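Take a look at the structure set out below.
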Amino acid sequence: MNIILLGPPGAGKGTQANLLVEHHGMRQLSTGDMLRAAVKAETPVGLQAKAVMERGELVSDEIVSALIDAELLAMGEHVGAIFDGYPRTAAQAHSLDEILGKHGRELDHVIELAVDEDALVDRITGRFTCAKCGEGYHDRYKQPEVAGVCDKCGSTDFKRRPDDTEETVRTRMAEYRAKTAPILPIYEERGIVQRVDGMAAIGDVTSAIEKVLASA
Ligand code: AP5
């Protein structure tokens, strides 16, 4: 199965993709994670992407589509793919069709996480993760049980994304409205878009997505 999780910054794409990976053994293909890894490793792609990401703008279509193509090639044809944060432009949607065709895959569902944008700034600016295991926390909604110690691995080292400032989040949302939301009709025409309430509790969002997947 191949699915796209579509929604603005903070809609819960990464959260839900992680849960689907756990429950279904699918593979999460997050272009944001791939780009952050490239920035950290100071690869040529990372050096090109760093400033663009810090401004909250979109990295070039060619770069992200090449990353997706390479990941699909490496992951074997029988593993399902969850596209998280890709495609984000009409050109990327077109490239994804070509890439999927090349790898003998078809898109089964585009799941749109419908959210209230005003609540998202709070979700994003309050989040932080364990620097060691990546477990996610939030200043208001999910603090570690023992202050300053990761529940999962015991590390005391936490980090925040440099693009999670309010100003950058607003730019990321504007980019979503201008360039990503307009690609929805491409998939609506194919009858594969399902809208899920992304403002519900995390477990309820997962249940709604599971229902969509079971309807295939
Ligand atoms: P990317 O990493 O893709 O970031 P994003 O789309 O802005 O999405 P986020 O990761 O911020 O949010 P999310 O929807 O995954 O929400 P999450 O689950 O974390 O992209 C970053 C940058 O990379 C871009 O700005 C761009 O520069 C570049 N880039 C990436 N892909 C690109 C592409 N294809 N083309 C060009 N450039 C690209 O949840 C957020 C918080 O909310 C968490 O704290 C979570 O615990 C909480 N939460 C989640 N769901 C719920 C819920 N239901 N109720 C309460 N809290 C919730």
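For the stretch 75-93, what are the residues that are part of a loop (DSSP other than H, G, I, E, B), among the charged types (D, E, K, R) and modelled with pLDDT of 95 or more? Within the stretch 75-93, just Arg88 meets the criteria. Residue count for the stretch 115-126, restricted to those that are near the ligand (Cβ under 8 Å from one of its atoms) and either touching a Leu at 6+ places or on another chain (Cβ under 7 Å) or in contact (Cβ under 8 Å) with a residue 40 or more places away in the chain (or both): 3.
Of all residues in the stretch 15-24, those being more than 16 Å from Glu71 (Cβ to Cβ) and surrounded by fewer than 21 Cβ atoms within 10 Å (Cβ to Cβ) number 6. Scan the stretch 64-104 for residues that are under 18 Å from the mean Cα position of the chain (by Cα), acidic (Asp, Glu) and surrounded by fewer than 21 Cβ atoms within 10 Å (Cβ to Cβ) and the total you get is 2. Scanning the stretch 47-60 for residues that are within 7 Å of the ligand (Cβ to nearest atom) and touching a Pro at 6+ places or on another chain (Cβ under 9 Å) turns up Met53, Gly56. Restricting the stretch 27-46 to residues that are among the charged types (D, E, K, R) and within 11 Å of the ligand (Cβ to nearest atom) leaves a set whose member that is surrounded by the most Cβ atoms within 10 Å (Cβ to Cβ) is Arg36.
Matching residues to (1) assigned to a helix (DSSP H, G or I); (2) of a type in the set (Asp, Glu); (3) within 23 Å of Glu188 (Cα to Cα):
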{"residue": "Leu5", "(1), (2), (3)": "no, no, yes"}
{"residue": "Val21", "(1), (2), (3)": "yes, no, no"}
{"residue": "Met34", "(1), (2), (3)": "yes, no, no"}
{"residue": "Ala38", "(1), (2), (3)": "yes, no, no"}
{"residue": "Glu42", "(1), (2), (3)": "no, yes, no"}
{"residue": "Gln48", "(1), (2), (3)": "yes, no, no"}
{"residue": "Val52", "(1), (2), (3)": "yes, no, no"}
{"residue": "Leu58", "(1), (2), (3)": "no, no, no"}
{"residue": "Leu72", "(1), (2), (3)": "yes, no, no"}
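Of all residues in the stretch 154-167, those being more than 8 Å from the ligand (Cβ to nearest atom) and either assigned to a helix (DSSP H, G or I) or touching a residue at least 24 places away in the same chain (Cβ under 8 Å) (or both) number 9. Among the residues of the stretch 171-193, some residue qualifies, meaning at least one is surrounded by 14 or more Cβ atoms within 10 Å (Cβ to Cβ), away from the ligand (no atom under 14 Å from the Cβ), touching a residue at least 40 places away in the same chain (Cβ under 8 Å) and not in a helix (DSSP H, G or I).
Conditions (1) aliphatic (A, V, I, L, M); (2) modelled with pLDDT under 95; (3) farther than 21 Å from Glu135 by Cα, marked per residue:
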| site | (1), (2), (3) |
| --- | --- |
| Ile183 | yes, no, yes |
| Glu188 | no, no, yes |
| Ile202 | yes, yes, no |
| Val205 | yes, no, no |
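The values are calculated or read from the model by the stated rules, or taken from the named source; none is laboratory data. Because the structure is predicted, anything quoted here is derived from the model rather than measured. Heads up, the Cβs are rebuilt from the backbone with ideal geometry, glycines too, and the neighbour counts pull from every protein chain shown.
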